[in-house]
Every structure is written in structure tokens, then in C-alpha cells.
Amino acid sequence: MTSKRGKTCGEIMTREVITVSSKEKIKNVSEIMVRYGISQVPVVEEGKVIGMVTEEGIVRNLSPNISEEPVEKIMEPPLPTVSEDTDISVIKPLLEVHPGVLVVRKGELVGIITRSDILKVI
């Protein structure tokens, strides 16, 4: 290890990750997203991330009865995952393609890093 290392994902991640289950109604999830000012929410079942609900995904699937549908109908694949000790330079290319990355410890979700989190450490 060199003493001149960059920041790690664990240092900049948001720790209190809001998650939803695959059976949650889209209406409830969209209300959570608006209330907390977030653009994506991990979908978790039995402690594992199985997908993501995004603003784009909701908009793309707008229909008269979407609010009562479960999020599993519109969820997208999970965001890429990294460990807490991953240097943030490693995730920059991922954030060019994805709106965020998930931070895991022993397979468990412990944080999320979005593009806005990277902007805070510039």
C-alpha cells in the first residue's frame, strides 16, 4: 500500500440506503423517491439486491394503472457493486454508464454512490 492513496468508496458512500421490496407498489416507491430526492432505489429480497427502480424506468412505463403495479414489473438490473475499500478512481468509468454503484460488504448492501456523491469530492 502506498501512503498517497485516493479516497475509497466507503469514505464517500451514502450509508443509509433506502430500499424497497419487489412487491412494493410503484406509487409508494415514487412517493419515497420524491420525498427523499433520490432518482433510483435498490430492490432487495432476503438481503440481496435483485434490481433497481429508477425515475427513467417509471417514466418509460407510464400507463393509467402503473401506480398499483408492483415494482418487479418495471425494475431494471442492479447497479454494479464494489467493496468499501475500492478506490473511487475505479468507479469513475462505471458512473459514466450507470447512475450509481452499490457498495457491499460480504454480499450485504452497505452503501450507494451516485454521480452527485462524486461531485461532492471534486
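Answer yes if at least one residue in segment 42-59 is more than 25 Å from Arg105 (Cα to Cα) and either in contact with a Phe, Trp or Tyr (Cβ under 9 Å, 6 or more places away or on another chain) or of a type in the set (Gly, Ala, Ser) (or both), and no otherwise.
At the first step, the residues of segment 42-59 found to be more than 25 Å from Arg105 (Cα to Cα) are 55-59.
Then keep just the ones that are either in contact with a Phe, Trp or Tyr (Cβ under 9 Å, 6 or more places away or on another chain) or of a type in the set (Gly, Ala, Ser) (or both); that gives 57.
Within segment 42-59 (the criterion being more than 25 Å from Arg105 (Cα to Cα) and either in contact with a Phe, Trp or Tyr (Cβ under 9 Å, 6 or more places away or on another chain) or of a type in the set (Gly, Ala, Ser) (or both)), the answer is yes, since at least one residue qualifies.
Considering only residues that are surrounded by fewer than 16 Cβ atoms within 10 Å (Cβ to Cβ), assigned to a helix (DSSP H, G or I) and not β-branched (Val, Ile, Thr), which ones fall in segment 15-44?
Lys27, Asn28, Glu31, Arg35, Tyr36, listed by residue number.
Among the candidates Ser67, Ser21, Ser30, single out the residue that is of a type in the set (Gly, Ala, Ser), in contact (Cβ under 8 Å) with a residue 12 or more places away in the chain and within 26 Å of Leu119 (Cβ to Cβ).
Working: Ser67 fails: within 26 Å of Leu119 (Cβ to Cβ); Ser21 fails: within 26 Å of Leu119 (Cβ to Cβ).
Only one candidate qualifies: Ser30.
Could you run through segment 1-14 and say how many residues are in a loop (DSSP other than H, G, I, E, B), in contact (Cβ under 8 Å) with a residue 24 or more places away in the chain and either surrounded by fewer than 17 Cβ atoms within 10 Å (Cβ to Cβ) or among the basic types (Lys, Arg) (or both)? Spell out the reasoning first.
Looking only at segment 1-14, we keep the residues that are in a loop (DSSP other than H, G, I, E, B), and these are 1-7, 13.
Remaining after also requiring in contact (Cβ under 8 Å) with a residue 24 or more places away in the chain: 5-7, 13.
So of that shortlist, the ones also either surrounded by fewer than 17 Cβ atoms within 10 Å (Cβ to Cβ) or among the basic types (Lys, Arg) (or both) come out as 5-7.
Matching residues across segment 1-14 total 3.
Could you say whether any residue in segment 42-58 is closer than 23 Å to Val121 by Cβ and in contact with a helix residue (DSSP H, G or I) (Cβ under 7 Å, 6 or more places away or on another chain)?
No, there is no match, as no residue in segment 42-58 is closer than 23 Å to Val121 by Cβ and in contact with a helix residue (DSSP H, G or I) (Cβ under 7 Å, 6 or more places away or on another chain).
Among the residues that make up segment 76-87, is at least one of them out of contact with any strand residue (DSSP E or B) (no Cβ under 7 Å at 6 or more places or on another chain) and of a type in the set (Ser, Thr, Tyr)? Show your work before the answer.
Step one: of segment 76-87, the residues out of contact with any strand residue (DSSP E or B) (no Cβ under 7 Å at 6 or more places or on another chain) are none.
No.
Would you say Lys73 is under 23 Å from Arg15 (Cβ atoms) and either in contact with a Leu (Cβ under 9 Å, 6 or more places away or on another chain) or not small (Gly, Ala, Ser) (or both)? Show your work before the answer.
Working: under 23 Å from Arg15 (Cβ atoms): no; either in contact with a Leu (Cβ under 9 Å, 6 or more places away or on another chain) or not small (Gly, Ala, Ser) (or both): yes.
Judged against the criteria, Lys73 is not a match.
Looking only at segment 42-73, count every residue that is farther than 17 Å from Pro99 by Cα and over 13 Å from the mean Cα position of the chain (by Cα) and tell me the total.
Of segment 42-73, the ones farther than 17 Å from Pro99 by Cα are 44-48, 61-73.
Next, from what is left, pick out any that are over 13 Å from the mean Cα position of the chain (by Cα): 45-47, 61-73.
Counting residues in segment 42-73 that are farther than 17 Å from Pro99 by Cα and over 13 Å from the mean Cα position of the chain (by Cα) gives 16.
FYI, it's all coordinate maths here, none of it is from the lab. Here the structure is a predicted model, which is why all the values come from computation and not from measurement. All Cβ positions, even for glycine, are placed from backbone atoms using ideal geometry, and neighbour counts span all protein chains on display.
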